[in-house]
Amino acid sequence: MSDPKLVQIRGLTKHFGKAPALVHAVDDVSFDIARGEVVGLVGESGSGKSTIGRLILRALDLTAGTVEFHGREIGKLSQREIRPFRRRMQMVFQDPFASLNPRLRIKDIIGEALDAHGLAQGAARERRIGELLEIVGLQADHAARFPHEFSGGQRQRVGIARALAVEPDLIVADEPVSALDVSVQAQVLNLLQDLRQRFGMAMLFISHDLDVIELMCDRIVVLYLGRVMEAGPADVVSRHPRHPYTKALLAASPRPDPDARHTRDLLKGDIPSPLSPPSGCVFRTRCPLADAACAKAVPMMRNAGPDHYFACIHATETTSPEHVR
Ligand code: ADP
Ligand code: MG
């Protein structure tokens, strides 16, 4: 059998700017995405989620590390060399208003994706556009319309149709419902789940909302200030989190159980500036377990069970069951 990993990233690092204004956006991040797997990337705003998505798609150049896609190292390919891989990975953006060109009709927005890879011409192209619109729950005759004629949820469906046009193996969905009304968020999440069942593509699903991540993902990668704090199967990480940051995120997320609410403000203060991340463990300035040892070295990843890792030198206990749903 061939290597089952679709994406394998190792030591992924992205710094923006120059010292003394060097932004540590992503530091030494490693994780895999298997074929057909949905991996959730969760963390507060500014933790480096979007940057990781863009690095994998090579919309940004890496500072260091490697990105393997289908076993090929693509981290250092030129923009021209990367083109054949672009067909296999697509992005769905947070803001369906900004991500669709307002001057193009829907058929041209989706058609552009087909044309870029020479996928369909003439009548076949038109049929395919109609089919894609129906796949995402719109109508074939919507093709002649402009983006402003649609609601936010419908525009996001167009964005998803554009991503599907090339039959990608990987979709990076960057906060795909965060800009939508709460009432339509569930519909778009359901659509993404249906599409994943139907077409079997893998997804890197980016969200600051752990509840959405739990719902959508097979595996979770918890990010803080550009570094991985914990990674593992979604149900294991949410029921038995090991890292104090994961525990704080879970406690901060609204639970149906009112007794769990007292733990909400577990996470004190703001995320430090990525211009000068704390030495050692980047989470230590907000961590209830932190001591002098935490400032000395970046914690090694520790194994907590099958495919479950966390980066903390102190955390030994799993969360007691009454703190989780
Ligand atoms: P998230 O998606 O988790 O909110 P981002 O990946 O957008 O986080 O950003 C991570 C950090 O990198 C932030 O501090 C952000 O300000 C910084 N950053 C992102 N893009 C750039 C850029 N093009 N130039 C400079 N800094 C950037
Ligand atoms: Mg982002």
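For the range 193-200, check the following and say yes or no: at least one residue is touching a strand residue (DSSP E or B) at 6+ places or on another chain (Cβ under 8 Å), within 30 Å of L22 (Cα to Cα) and of a type outside the set (S, T, Y). Within the range 193-200, not a single residue is touching a strand residue (DSSP E or B) at 6+ places or on another chain (Cβ under 8 Å), within 30 Å of L22 (Cα to Cα) and of a type outside the set (S, T, Y). Looking at the range 29-46 only, could you name the residues that are near ligand 1 (Cβ under 9 Å from one of its atoms), out of contact with any His (no Cβ under 9 Å at 6 or more places or on another chain) and assigned to a loop (DSSP other than H, G, I, E, B)? Residue satisfying the conditions is G46 alone.
In the range 1-41, of all residues being among the β-branched types (V, I, T) and more than 20 Å from M201 (Cα to Cα), the one that is most open to solvent (accessible area, probe 1.4 Å) corresponds to V23. When the range 163-176 is filtered for residues that are open to solvent by less than 10 Å² (accessible area, probe 1.4 Å) and within 16 Å of ligand 1 (Cβ to nearest atom), the ones remaining, listed by number, are V172, A173, P176.
Quick check on Q197: is it surrounded by fewer than 22 Cβ atoms within 10 Å (Cβ to Cβ), farther than 30 Å from A123 by Cβ and either of a type in the set (D, E, K, R) or away from ligand 2 (no atom under 16 Å from the Cβ) (or both)? Criteria not met by Q197. Any chance the range 225-238 includes a residue that's closer than 17 Å to I271 by Cβ, within 16 Å of ligand 2 (Cβ to nearest atom) and under 12 Å from the mean Cα position of the chain (by Cα)? Checked the range 225-238: no residue is closer than 17 Å to I271 by Cβ, within 16 Å of ligand 2 (Cβ to nearest atom) and under 12 Å from the mean Cα position of the chain (by Cα). Residues of the range 266-293 that are modelled with pLDDT of 90 or more and of a type in the set (D, E): D291 alone. Considering the conditions (1) open to solvent by 10 Å² or more (accessible area, probe 1.4 Å); (2) closer than 23 Å to L55 by Cα; (3) touching a strand residue (DSSP E or B) at 6+ places or on another chain (Cβ under 8 Å); (4) not acidic (D, E), A179 is excluded by exactly one of them, (3).
Residues in the range 16-70 that are within 14 Å of ligand 2 (Cβ to nearest atom) and of a type in the set (D, E, K, R) were compared, and the one that is modelled with the lowest pLDDT is E44.
Considering A140, A163, A116, the condition of being under 28 Å from R83 (Cα atoms), small (G, A, S) and either touching a Cys at 6+ places or on another chain (Cβ under 8 Å) or at pLDDT 95 or above (or both) is satisfied by A163 alone.
Looking at the range 47-162, the helices (runs of 4 or more DSSP H) lying wholly inside it that each contain 1 or more residues that are buried (at least 21 other Cβ atoms within 10 Å of the Cβ) sit at 49-56, 106-116, 122-135.
Which one is surrounded by the most Cβ atoms within 10 Å (Cβ to Cβ), of the residues in the range 200-212 that are within 13 Å of ligand 1 (Cβ to nearest atom) and under 18 Å from A248 (Cβ atoms)? That would be S207.
The values are calculated or read from the model by the stated rules, or taken from the named source; none is laboratory data. As the structure is a prediction and not an experimental result, all values here were calculated from the model. Reconstructed Cβ throughout: ideal geometry from the backbone, glycine too, with neighbour counts over all protein chains shown. Accessible surface is based on the protein model in full, side chains and every heavy atom, while ligands, DNA and RNA are left aside. Shrake-Rupley method; radii C 1.70, N 1.55, O 1.52, S 1.80 Å.
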